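A quick write-up on the structure given underneath.
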Amino acid sequence: MPLRPWLAIAFVAAAALIQQSLSALNCDVSWLITIAERLLDGARLYRDIEEVNPPASVLLYVPAVALAQALGLRPEALTVAMVAVLALLSVRHARRILPPLPARATLVSAACAFILLILPADLFAQREHIALLAGLPMLAVIVSRSLALPVRAADARSAGIAGGIMVVIKPHLILALALPALWSALRRRSLDAARAPEWITLALVCAGYLLLVLLAFPEYFTHMLPLLRLVYLPGRDSWHHLLTGTMVTIPATAAVLTFWLARARPSEPAIVALLAAAGFALAGLVQGKGYLNHGYPAVASALLAITLELARPGKARAFGALCAATLALFATYSYARVPQPTALRDAVQRLGPSHPKLIGVSFDFSLGHPLTRWVDGTWVGTRGNQWATGNAWQQLESPALSPAARRAYEQAERADAALLAADIIRYRPDIVLVDEVPGPTWIARHPPLARAMQRYRPGARVANITLWTPR
């Protein structure tokens, strides 16, 4: 690729790094970095510290955390830098596989860099962000196979490795590769691609990961998965909210715009990008949580489709570019939602020691993360929040719940409270962050937790959060 497109990408990458320096990594990434630190300190995942996702979600951040510790840097900075480098490598890999870009290569490169580096905003370095970056070379291979273009075996295998990483991050995301691959097979009237090096390599990566989880993280299957099946997986957002959220509406709008620009005949790369967006959106609907990070890959893929179509010669480019830019800016704005609890941070620093030990009583995952890292503290809870109780309460609202299921959810709530009580007694946190919900009433309902909290008293209140300190 000529120099000018790479200069455009470098400019956008620099802007993305500036953007991230002015913000904070969101609660999920902050929590996963914390878990990675605990693992490197010798803790055992799903026993000493729990995460609702499979091990890949944590292992993604271990290299950045380990390198940060070796260099004496903050893991957040290394995480942002490594993801930015991954984006550049992914684009370079995909470009080597795809057919040559048209004359608008500089604008296309800048737009793609914006979608991959600026658009995520506060979702930067989320698992779905990394998964999309990992999946791009595989999508490029699918385009080339569909056009019957040659793909070097080394490129195919490396794309398969990256695609396998995407799938092990979240298995649902295989839909983003399956739909384009099915289209390619129908277009060529052949299933030969299923035996191609990239798919064989992808399958081997997934099989190797499964073996790793079985051998190194058996507690995920014996302890975590049964609990997730009981309380976490059944908790879904409403279909109305799912179908009217950005995960569906922006890709749908982008698809209409792409077909309009192409006069109903999009290019092969644009079709593959739209089918990938549909697969990502379906994966988000399968998960059913409606979180913004679940929708980012679908939005980004759909915007990539418009970008690829705008690069083709034709009319109505200006209007199409305006519509695409509006969609991209709207999505960027909607993703910039990491709370900045400066008042709570100031209260923690005022009441606690210089490196406080924190724990929380809340359904809000963002209460303690990234707050704990902002104050150079240590989160001493086995869990990041009371997600088990929160999801159990959601299921207990159903009048059709059987007595046996009701008892199981109530037991999950009691176990959640008992685990929190044990953490408080064992680690003696300097500050307990108590949210209004579930709040002191929930504490009083569980005797072990109430006894553990007898050592604490309310010290300050910030909005709906009460900071409890030792008596």
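The values are calculated or read from the model by the stated rules, or taken from the named source; none is laboratory data. Note that the structure is a prediction, hence the values are computed from the model and not measured. In this analysis, Cβ positions are derived from the backbone assuming ideal geometry, glycine residues included, and neighbour counts consider all displayed protein chains.
Looking at region 12-20, is at least one residue more than 30 Å from Leu214 (Cα to Cα), under 20 Å from the mean Cα position of the chain (by Cα) and free of Cβ contacts under 8 Å to residues at least 12 places away in the same chain? Within region 12-20 (the criterion being more than 30 Å from Leu214 (Cα to Cα), under 20 Å from the mean Cα position of the chain (by Cα) and free of Cβ contacts under 8 Å to residues at least 12 places away in the same chain), the answer is no, since none of the residues qualifies.
Candidates are the residues of region 181-200 that are touching a residue at least 40 places away in the same chain (Cβ under 8 Å) and crowded, with 21+ Cβ neighbours inside 10 Å; the one that is nearest to Ala148 (Cα to Cα) is Ser184. Among the residues that make up region 365-375, is at least one of them surrounded by 19 or more Cβ atoms within 10 Å (Cβ to Cβ), over 29 Å from the mean Cα position of the chain (by Cα) and not assigned by TED's automatic domain parsing to the domain that holds Asp41? Looking through region 365-375, none of the residues is surrounded by 19 or more Cβ atoms within 10 Å (Cβ to Cβ), over 29 Å from the mean Cα position of the chain (by Cα) and not assigned by TED's automatic domain parsing to the domain that holds Asp41. Considering (1) within 18 Å of the chain's Cα centre (by Cα); (2) outside any helix (DSSP H, G or I); (3) of a type in the set (A, V, I, L, M), the lone condition that Val85 does not fulfil carries the number (2).
Any residue that is part of a helix (DSSP H, G or I), hydroxyl-bearing (Ser, Thr, Tyr) and over 23 Å from Pro99 (Cα atoms) - is there at least one of those in region 279-292? Checked region 279-292: no residue is part of a helix (DSSP H, G or I), hydroxyl-bearing (Ser, Thr, Tyr) and over 23 Å from Pro99 (Cα atoms).
When region 440-467 is filtered for residues that are in a helix (DSSP H, G or I), surrounded by 12 or more Cβ atoms within 10 Å (Cβ to Cβ) and among the hydrophobic types (A, V, I, L, M, F, W, C), the ones remaining, listed by number, are Trp442, Ile443, Leu449, Ala450, Ala452, Met453.
Looking across Arg350, Arg383, one residue alone is in the same structural domain as Pro440 (by TED's automatic domain parsing), touching a residue at least 12 places away in the same chain (Cβ under 8 Å) and not in a loop (DSSP other than H, G, I, E, B). It is Arg350.
Per-residue answers, yes or no, for (1) over 30 Å from Arg229 (Cα atoms); (2) among the hydroxyl-bearing types (Ser, Thr, Tyr):
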position: Val12; (1), (2): yes, no
position: Ile33; (1), (2): no, no
position: Leu39; (1), (2): no, no
position: Ser57; (1), (2): no, yes
position: Leu60; (1), (2): no, no
position: Gln69; (1), (2): yes, no
position: Leu89; (1), (2): yes, no
position: Ala105; (1), (2): yes, no
position: Ala110; (1), (2): yes, no
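The residue that is surrounded by the fewest Cβ atoms within 10 Å (Cβ to Cβ), among those in region 71-82 that are without any contact (Cβ under 8 Å) to a residue 12 or more places away in the chain and assigned to a helix (DSSP H, G or I), is Leu71. When Ala178 is tested against the conditions (1) more than 21 Å from His294 (Cα to Cα); (2) of a type in the set (Gly, Ala, Ser); (3) surrounded by fewer than 21 Cβ atoms within 10 Å (Cβ to Cβ), the lone failure is (1). In summary, Glu309 fulfils each of the numbered conditions (1) surrounded by fewer than 20 Cβ atoms within 10 Å (Cβ to Cβ); (2) in the same structural domain as Arg104 (by TED's automatic domain parsing) with the single exception of condition (1).
Across region 155-175, the qualifying residues are those that are farther than 14 Å from Trp199 by Cβ and under 14 Å from the mean Cα position of the chain (by Cα), and the one among them that is surrounded by the fewest Cβ atoms within 10 Å (Cβ to Cβ) is Pro171. Residue pairs whose Cβ atoms lie under 7 Å apart, separated by 6 or more positions or on different chains, with the first residue in region 403-431 and of a type in the set (Lys, Arg) and the second not in a helix (DSSP H, G or I), are Arg414/His446. Asp416 meets the stated requirement of being modelled with pLDDT of 95 or more and buried (at least 23 other Cβ atoms within 10 Å of the Cβ). The helices (runs of 4 or more DSSP H) found wholly in region 101-186 and carrying at least 3 residues that are over 23 Å from Arg4 (Cβ atoms) occupy 127-146, 153-169.
Restricting attention to region 244-277, which residues are touching a helix residue (DSSP H, G or I) at 6+ places or on another chain (Cβ under 6 Å), assigned to a helix (DSSP H, G or I) and farther than 18 Å from Pro120 by Cα? Scanning region 244-277 gives Ala255, Leu257, Thr258, Leu261, Glu268, Pro269, Ala270, Val272, Leu274, Leu275. When region 407-431 is filtered for residues that are aromatic (Phe, Trp, Tyr) and more than 21 Å from Arg455 (Cβ to Cβ), only Tyr409 remains. Scoring Glu76 on the criteria (1) in contact with a Lys or Arg (Cβ under 8 Å, 6 or more places away or on another chain); (2) closer than 28 Å to Arg145 by Cβ leaves a single failure, condition (2).
Any residue at all in region 267-281 that's without any contact (Cβ under 8 Å) to a residue 12 or more places away in the chain, within 22 Å of Leu329 (Cβ to Cβ) and of a type outside the set (Asp, Glu)? No, that holds for no residue. Counting the residues of region 333-347 that are within 19 Å of the chain's Cα centre (by Cα), in contact (Cβ under 8 Å) with a residue 60 or more places away in the chain and either buried (at least 19 other Cβ atoms within 10 Å of the Cβ) or assigned to a loop (DSSP other than H, G, I, E, B) (or both) gives 4.
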